[in-house]
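Worksheet: one structure, shown below.
Bear in mind that the values in this text are calculations on the coordinates, not laboratory data. The model shown is predicted, which means the values in this text are computed figures rather than measured ones. Note: ideal-geometry Cβ built from the backbone for every residue, glycine included; neighbour counts use all protein chains shown.
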Amino acid sequence: MAATGSENFIIDLTLVLGASAVGGFIANRLRQPVLLGYLVSGLIVGPFGFKLLSELQDIKALAEVGVAFLLFALGVEFSLAELKRVKEIAIQGSLLQIGSTIALTAVLSLWLGWVESISQGIFLGSILSLSSTAVVLKTLTERGETNTIHGQIMLAILIAQDLALGLMLAILPALNEPQNLVQALSFAILKAVLFIAGALAAGYWVVPRVIKTVARTESSELFLLTTIALCLGVALITSALGLSIEMGAFVAGLMIAEIDYSDQALAKVLPLRDTFASLFFASIGMLIDPGVIWNNLGIILGLVILVMIGKAAIIFPIVIKFGYSFKNAVVSALGLNQIGEFSFVLALVALDTGFITQEKYLLLLGTTAITLVLTPLEMRFSPRLVDRLNSIPSLVRYFERFQSHKKLSVPETICDHVVVAGYGRVGQTIVNILRNQGYPVLVIENSEAAIQRLSHENIPYIFGDGDSELVLEKAHLEKAKALAIALPDPASTRLLLKRALELAPELDVVARSHENSEIDVLTQLGATEVVQPEFEAGLEIGSHTLKNLGESKTSIDLVLNAIRTDRYLSVRPKQASELLQKDLINAASTIHNEWVTLPANSALDNVTLAKANVRNLTGVAVMAIQSENGMVYYPKGETKLHSGDRLLIVGKRSETAAFQDLMHGKLSLDNTNVRWVTLTPESDLIGTTPTHLQQQYNVIIKALRRQGELYRSVNDDFVFVSQDSLLVGGEGDRIETIAQLAHAEVKRSFGEQES
């Protein structure tokens, strides 16, 4: 018996979800974003693959629901306070980006003969001006970067593009009739204004009361149904008005973002969002026609390169113009240089109205699909590219000129201060605690709104990215007592930690971890202590419970200290080795890393990591050891090395080169005490040489760090200057004297003391 339409739909839905699950799993195993798996699975089961679907339109309708849930969740999570800090680039920057893309495309396409009239060029430019909210948002979410400054920049521009889509749909078809253009524009703006006004009114007077009334029923089902109805209902209204569905869903999310039940609503919608989003990405894969791509491969690849380089070249100077850092400009440009999925809608309108031919429409589909596939890979690669470009100081300093000089407030006499990187909720708490106890602080922050608060409260600050070497140089880490890292971005936290210890190797660093896997990574990179907020909340609750059960404060402190000393291992869920490997590779990908093999008769053979003193002598961190006994992730100091072991080491190229010398016996390995000390501007050691210190104080200078660079061969060509960090070897009391002299705490030499 033939299957009915409803049965076909159920079969198709099961097929797409199953294929997406398999594709996502394979992509995950290949260490690629899962949405690439969704796209490929859509291609395989779709009309240009094995043609396994019969109810394609129904699947595409559900895919639109996925987009609505994606934008609804973004609206719930989106903070108006966060939006304010990027409001200028959200409005002015987006207009510049869209206008520049349309203008350049129109002129270039008309000049090259791709279009026959300027109106066709404008339509084509509008199609290319949009970027992919769904793909970028999904990738940012997977990488935990939605709250970073570059994440906020990208989302602000994307939301503005979504708002512009409604205007484009109303205005562009009227290009065939210029006399109706003003009327179409006025009508489109009127609709948008009326909708936003109605949404604001409903969000203030109606929605909070409805949500609270439903919440009081304590029915989980009713709460979920009401949330879904709100999301899809507002999206349906915007669709009926000729505006974009995603705009309505985002506004619906904003309506409940500020009420008490927003977290509960988000928790209910997230599983639905992820399920329907997989359908959306699979539906994009269904649009990819391998035959068209293959037959026009050269043209399409040329268009892909032209579009992605062109859009990045437009977005990069715009981000720089609004005072953001070089890093944020590069990452944002590479994150927004694709063609958006809703360009398909505009392209279809252009086809129906005769602005583009069928051949150009198919070429656009192929080009768009490839740019969407490349986007997650680009966003994954961009931090490494920034790291490479940051190694060219002249380039970074050139672009730094565009940043406002008012965003630096560091007292000339600052000393013995605590540097706090990040001024969010955690950073503000740290600053308040330290100031209440009388400690001087210096805050590094890249939010304009936060900088204004710091300026108003007379708190010293530096505006910029905490992981920027140029910013860290201004923080006087060599004179600081400690560094507290409270950044929202795990990758930036790792880079900041590594670069801070390059400038001040003896610095006491406390870092906040977002994920369990980050605890070991940050500890291995040299953090004195890593704090995981969720575990700390559990420890506090456990502490109060034990106290109420009659345990003494001493015994409770012993339990808590043991857990913290052991990196929370006793309370952490065990991770499979595959997940450990994935986490480690992701963490190491943002910093230069190498696998090296200890040669036979190596100087490190049968030596523990603690005895080898690898970080002090070379600057590298050993992240993993592969031996004949298996793989050891995040090895501890007592781990013994053997010839033939493969080591994953992380550090700058000069540092990994120093490690190569150490394991080949070219760098001395001995049992003397060693310690990093940093010379303050008032130090009595400024102007001295290694030989002077050896003769006067009987210590050896084993290495030198100057402006973040490691020098492992130190001779009398080096005359010590302020901010130099010296790796001093010798007896404990002699090293302590050098440390005091480095900080100008002792005015007499060791020889004078003996006399």
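Ranking of VAL699, VAL135 by neighbouring Cβ atoms within 10 Å, starting from the fewest: VAL699, VAL135. Checking the cross-link pairs LYS498/LYS547; LYS138/LYS481; LYS481/LYS636; LYS327/LYS474; LYS60/LYS87 against a 29 Å limit on the alpha carbon distance flags LYS498/LYS547; LYS138/LYS481; LYS60/LYS87 as lying beyond it. Put in order of Cβ neighbour count within 10 Å, fewest first, the listed residues ASP566, ASP520 become ASP566, ASP520. Cross-link partners of LYS268 among aspartates and glutamates, defined as those whose alpha carbon lies under 12 angstrom from its own and excluding same-chain residues fewer than eight positions apart: GLU221.
Computed from the coordinates I sent, Cα extents along the principal axes in Å equals one of (i) 75, 69, 49; (ii) 82, 71, 48; (iii) 98, 70, 59. Tell me the label. This structure yields the entry labelled (iii).
Taking every C-alpha pair closer than 8 Å and separated by at least 6 residues, the mean separation divided by the residue count of the chain gives a relative contact order of 10 percent. Placing a pseudo-label 7 Å from each Cα along the Cα-to-Cβ vector at ASN606 and ALA229 gives an inter-label distance of 7.7 nm. Measuring r between the beta carbons of ARG388 and ARG646 and using R0 = 30 Å, the FRET efficiency lands at 0.75.
Loop-located GluC sites (Glu not before Pro) in region 594-638 (DSSP state not H, G, I, E or B) with no more than 16 neighbouring Cβ atoms inside 10 Å: GLU628, GLU638.
Given their separation in residues at 0.36 nm each and the Cα-Cα distance between them, ASN28 and GLN57 gain 7.6 nm when the chain is fully extended. Close amide-amide hydrogen proximity is noted between VAL531 and ALA511, ARG512, SER513, each under 5 Å apart and 5 or more residues distant or on a separate chain (H modeled in the peptide plane; Pro and chain starts excluded).
Entry note: region 290-359 has Rg to Rh equal to 1.10, where both radii use alpha-carbon atoms and Rh is the Kirkwood radius. Here r is the Cβ-Cβ distance between PHE381 and TRP595 and R0 is 30 Å; the resulting FRET efficiency, rounded to 0.05, is 0.95.
You can think of it this way: the chain between ILE11 and LEU194 has 61.7 nm of extra reach, that is 0.36 nm per residue less the Cα-Cα gap.
Here each label is just a point 7 Å from Cα along the line to Cβ, and for ALA240 and ARG564 those points are 5.8 nm apart. Dividing the radius of gyration of the alpha carbons in region 5-390 by their Kirkwood radius gives 0.95 for Rg/Rh. What aspartates and glutamates does LYS553 reach when the alpha-carbon gap must be under 18 Å and sequence neighbours fewer than 8 apart in one chain are set aside? Leaving aside aspartates and glutamates fewer than 8 places away in the same chain, those within reach of LYS553 are GLU536, GLU540. Applying both filters, DSSP loop and at most 15 other Cβ atoms within 10 Å, to the trypsin sites (Lys or Arg not before Pro) of region 626-701 gives LYS636, LYS666.
Hey, how many Å between the Cα centroid of region 291-339 and the Cα centroid of region 117-133? Rounded to whole Å, the Cα centres lie 15 Å apart.
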